[in-house]
Amino acid sequence: MTDLTSLTLAEARDHLKHRAISSVEITRAHLEAIERSGGLNTFVAITADKALQMAEASDARLARKEAGPLEGLPIGVKDLYATEGIHTQACSHILDGFKPGYESTVTANLWRDGAVMLGKLNMDEFAMGSSNETSYYGPVASPWLPPNWSRDRGRAAALSSDKRGLLTPGGSSGGSASAVAAHLCLAATASDTGGSIRQPAAFTGLVGVKPTYGRCSRYGMVAFASSLDQAGPLARTVRDAAIMLRSMAGPDAKDSTCSPAPVPDYEAAVGRSVKGMKIGVPKEYRLEGMSSEIDALWARGAKWLRAAGASVVDVSLPHTPYALPAYYIVAPAEASSNLARYDGVRYGLREPGADITELYEKTRAKGFGTEVRRRLMIGTYVLSAGYYDAYYVRAQKIRTLIKRDFERVFADGVDAILTPATPSAAFGIGEKGSDNPVEMYLNDVFTVTVNMAGLPGLVAPAGLSSDGLPLGLQLIGRPFDEETLFALGETIEQSAGRMTLPEPWWA
Amino acid sequence: MSVDLNTVRRIARLARIAVNDAETPHLQDEINAILKFVEALDAVDVEGVEPMTSVIPMQLPMREDVVADGNIAPLVLANAPLTEDGFFVVPKVIE
């Protein structure tokens with residue numbers, strides 16, 4: 001075995017089970033790859049000692065034939081998950097030095113199943129962003145080089161602090177996406193409030209799954225917008241994502257919105273026939289001025305599913321255009337409430353003040369970055385006296401209409417909906433949103449509907465743009481029917497062919 | 001709808017975020033750009049529509065009304081910037 005980082009999660013699992021490799025070996029290989037990858041800025045904390053201890057324990061369990069489903073597999077964790085005694089800051093300055101005294105349920109499930117933690121991954125501050133540029137720890141670079149860039153040019157740009165010119169991996173789970181795409185970990189946890197798993201998956205040629213709301217526990221995840229947030233995996237194959245989700249998901253008494261339903265064996269759905277399935281193609285997702293390349297990709301995806309025996313029908317989701325504006329009321333409103341807890345008293349940063357109000361105001365002004373401050377102010381405004389009904393209640397009514405659109409289509413016998421994942425391929429660091437924040441928000445136009453309706457969504461790599469950059473397609477399913485998405489996702493993955501990542505120019 | 005400079009200052013105060021006079025005009029522009037973006041919602045007829053409260057219909061789980069944890073004061077205080085005798089320390093709030 002020449003390079004242990006080239007294995008998929010499923011391959012590594014099988015090699016470990018047959019003792020062809022050890023967990024310590026594959027963990028070391030990934031730690032070394034991380035050491036060489038500083039220019040990508042994916043990890044904000046590397047837990048090398050803990051990783052090797054966990055790997056040794058896994059090797060002992062493998063020897064005793066007591067292996068869990070993820071035994072010995074090194075993975076990365078988005079900085080938004082509470083990890084006991086380990087850096088957990090959602091990449092915000094206001095959580096400086098915070099080390100939780102408890103473990104999130106999702107990560108606890110992963111360790112229960114034998115996974116090995118390599119460290120914490122960079123992200124947009126409090127998951128607010130679509131390019132990983134709002135992180136207090138600086139931007140993340142995608143391992144995909146901009147068109148016609150040489151390795152040397154890429155390396156020079158990666159060494160600069162602003163990384164200008166390199167491509168963003170998307171956001172908010174940008175560190176997770178870049179690390180998995182660059183083979184720094186076998187898979188990673190991510191989270192998705194408006195597209196934060198699926199847009200980075202599309203930008204970096206990965207598989208990303210946002211499960212049904214309630215499928216994964218939110219206990220110990222730093223809250224952004226509680227009615228929209230969901231945990232999910234980023235992985236290099238559909239099978240790997242299925243293996244990860246099975247371990248991450250499950251009932252949890254600590255989160256009252258977490259579903260008590262048992263978790264199916266998602267991996268068993270990978271490779272399942274899609275023959276006879278009915279796939280809806282919603283006309284409202286064909287945006288005015290949409291690039292012909294995205295349109296062609298979408299049509300190609302429909303053709304692949306038809307070739308595999310599914311039928312493709314036109315459907316209508318008439319309230320689609322209102323999803324993104326409604327999201328930019330609901331999400332900031334919930335954020336302004338959730339982020340009220342950062343007050344400089346109980347944890348994190350504290351700026352002295354003459355009185356308690358000044359302490360709050362100075363701490364929050366210094367601790368929150370520009371985008372977070374902006375969203376908190378919008379949220380505060382739409383919840384303030386006199387505006388609550390006009391903005392917040394109205395947006396929640398529109399959310400009901402968006403969900404009804406989907407229910408109608410599924411009631412007509414549609415098994416899943418096929419859409420593009422993003423309006424374009426990855427853009428450059430520093431390229432978007434500096435004049436008008438709405439420019440950045442438009443990235444989530446195809447993904448945000450799914451959060452608003454609580455449905456599962458999967459993005460699979462579907463091909464390369466004319467510039468040679470990854471593009472993804474999104475599948476939207478019925479509530480708690482992630483299995484259908486895994487079956488269809490694998491069909492797209494197989495039809496598109498495996499994407500080959502560029503050589504590690506950053507090392 | 002759009003906000004004026006005084007409203008920006010009032011929102012910042014409500015959100016407990018200190019802003020200085022130099023940054024308020026810029027904040028005003030950005031907030032107004034977002035408010036303009038969400039104006040599209042005015043076109044939707046929401047007459048008789050229930051606002052969403054739970055995105056996935058489910059029964060709220062019940063449990064026994066008993067103490068589930070506690071007696072972890074040191075853990076609760078472990079991350080506090082300033083503590084004394086098992087308490088969080090803040091500037092004087094009562095004169």
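The values are calculated or read from the model by the stated rules, or taken from the named source; none is laboratory data. Nothing here was measured: the structure is a model prediction, and the numbers come from that model. Here the Cβ is made from the backbone with ideal geometry for all residues, glycine too, and neighbour counts use every protein chain on show. Only protein heavy atoms, including side chains, enter the accessible area calculation; ligands, DNA and RNA are left aside. Shrake-Rupley method; radii C 1.70, N 1.55, O 1.52, S 1.80 Å.
Just one of the numbered conditions (1) outside any loop (DSSP other than H, G, I, E, B); (2) more than 7 Å from chain A (Cβ to nearest Cβ); (3) over 29 Å from A:LEU442 (Cα atoms) is not true of B:ARG9; which one? Just one mismatch for B:ARG9, condition (3). When A:ALA179 is tested against (1) in a loop (DSSP other than H, G, I, E, B); (2) of a type in the set (A, V, I, L, M); (3) open to solvent by less than 10 Å² (accessible area, probe 1.4 Å), exactly one condition is not met: (1). Against the criterion of being over 24 Å from the mean Cα position of the chain (by Cα), part of a loop (DSSP other than H, G, I, E, B) and not acidic (Asp, Glu), A:LYS275 qualifies.
I want to confirm something. Restricting to the range A:421-455 and keeping residues that are farther than 25 Å from A:SER160 by Cα and among the aromatic types (Phe, Trp, Tyr), which single residue is farthest from the other protein chains (Cβ to nearest Cβ)? The extreme case among them is A:PHE446. Note on the range A:314-369: residues that are more than 9 Å from every other protein chain (Cβ to nearest Cβ), farther than 30 Å from A:ALA302 by Cβ and either open to solvent by 50 Å² or more (accessible area, probe 1.4 Å) or modelled with pLDDT under 95 (or both) total 2. Residues in the range A:346-356 that are assigned to a loop (DSSP other than H, G, I, E, B) and over 13 Å from A:PHE98 (Cβ atoms): 5 in all. Restricted to the range A:404-445, and to residues that are open to solvent by 30 Å² or more (accessible area, probe 1.4 Å) and assigned to a helix (DSSP H, G or I), which residue is farthest from A:TRP304 (Cα to Cα)? Among them, the one singled out is A:GLU439.
Of all residues in the range A:42-54, those being in a helix (DSSP H, G or I) and open to solvent by less than 20 Å² (accessible area, probe 1.4 Å) number 1. The residue that is nearest to the other protein chains (Cβ to nearest Cβ), among those in the range B:48-57 that are surrounded by fewer than 16 Cβ atoms within 10 Å (Cβ to Cβ) and over 21 Å from the mean Cα position of the chain (by Cα), is B:GLU50. Candidates in the range A:382-420 are the residues that are in contact (Cβ under 8 Å) with a residue 60 or more places away in the chain and of a type in the set (Phe, Trp, Tyr); of these, the one that is farthest from the other protein chains (Cβ to nearest Cβ) is A:PHE410. Just for the range A:99-112: of the residues that are crowded, with 24+ Cβ neighbours inside 10 Å and out of contact with any Asp or Glu (no Cβ under 7 Å at 6 or more places or on another chain), which one is farthest from A:ARG375 (Cα to Cα)? The extreme case among them is A:LEU110. Of the residues B:ARG10, B:ARG16, the single one that is out of contact with any Lys or Arg (no Cβ under 8 Å at 6 or more places or on another chain) and either open to solvent by less than 60 Å² (accessible area, probe 1.4 Å) or over 17 Å from A:ASP389 (Cα atoms) (or both) is B:ARG10.
Answer with yes or no whether A:LYS99 is over 30 Å from A:LYS432 (Cα atoms) and in a loop (DSSP other than H, G, I, E, B). So A:LYS99 passes the test. Annotation note: of A:ALA57, A:ALA115, A:ALA127, A:ALA33, the sole residue that is open to solvent by 30 Å² or more (accessible area, probe 1.4 Å) and either of a type outside the set (D, E, K, R) or closer than 30 Å to A:GLY214 by Cα (or both) is A:ALA57.
Sort through A:THR212, A:THR204, A:THR193, A:THR168 and tell me the only one that's open to solvent by less than 10 Å² (accessible area, probe 1.4 Å) and under 17 Å from A:GLY76 (Cβ atoms). On inspection, the qualifying residue turns out to be A:THR204. For the criterion of being closer than 23 Å to A:ALA308 by Cβ, buried (at least 20 other Cβ atoms within 10 Å of the Cβ) and more than 14 Å from every other protein chain (Cβ to nearest Cβ), A:ARG246 fails.
Exactly one residue among B:ALA80, B:ALA40, B:ALA73 is surrounded by 11 or more Cβ atoms within 10 Å (Cβ to Cβ) and either more than 8 Å from every other protein chain (Cβ to nearest Cβ) or in contact with an Asp or Glu (Cβ under 9 Å, 6 or more places away or on another chain) (or both), and that residue is B:ALA73. Looking only at residues of the range B:84-95 that are within 10 Å of chain A (Cβ to nearest Cβ) and not aliphatic (A, V, I, L, M), we find that the one that is farthest from A:ALA354 (Cα to Cα) is B:PHE88. Of all the criteria given as (1) modelled with pLDDT of 95 or more; (2) in a loop (DSSP other than H, G, I, E, B); (3) within 8 Å of another protein chain (Cβ to nearest Cβ), the one not satisfied by B:ASP45 is (3). Out of curiosity, is A:ILE378 within 8 Å of chain B (Cβ to nearest Cβ), in contact with a Pro (Cβ under 7 Å, 6 or more places away or on another chain) and over 27 Å from A:ARG286 (Cβ atoms)? Against the criterion (within 8 Å of chain B (Cβ to nearest Cβ), in contact with a Pro (Cβ under 7 Å, 6 or more places away or on another chain) and over 27 Å from A:ARG286 (Cβ atoms)), A:ILE378 qualifies. Being open to solvent by 10 Å² or more (accessible area, probe 1.4 Å), closer than 25 Å to A:PHE203 by Cβ and part of a loop (DSSP other than H, G, I, E, B) is a property that A:PRO143 lacks.
Take A:HIS15 and decide whether it is over 30 Å from A:GLY428 (Cβ atoms), crowded, with 16+ Cβ neighbours inside 10 Å and in contact with a Leu (Cβ under 8 Å, 6 or more places away or on another chain). In short, yes.
Among the residues making up the range B:28-37, those that are at the interface with chain A (Cβ under 7 Å from one of its Cβ atoms) and open to solvent by 10 Å² or more (accessible area, probe 1.4 Å) are B:GLU30, B:ALA33, B:PHE37. For the range A:87-96, filtered to residues that are in a loop (DSSP other than H, G, I, E, B) and either open to solvent by 30 Å² or more (accessible area, probe 1.4 Å) or not polar (S, T, N, Q) (or both), the residue that is nearest to the other protein chains (Cβ to nearest Cβ) is A:ASP96.
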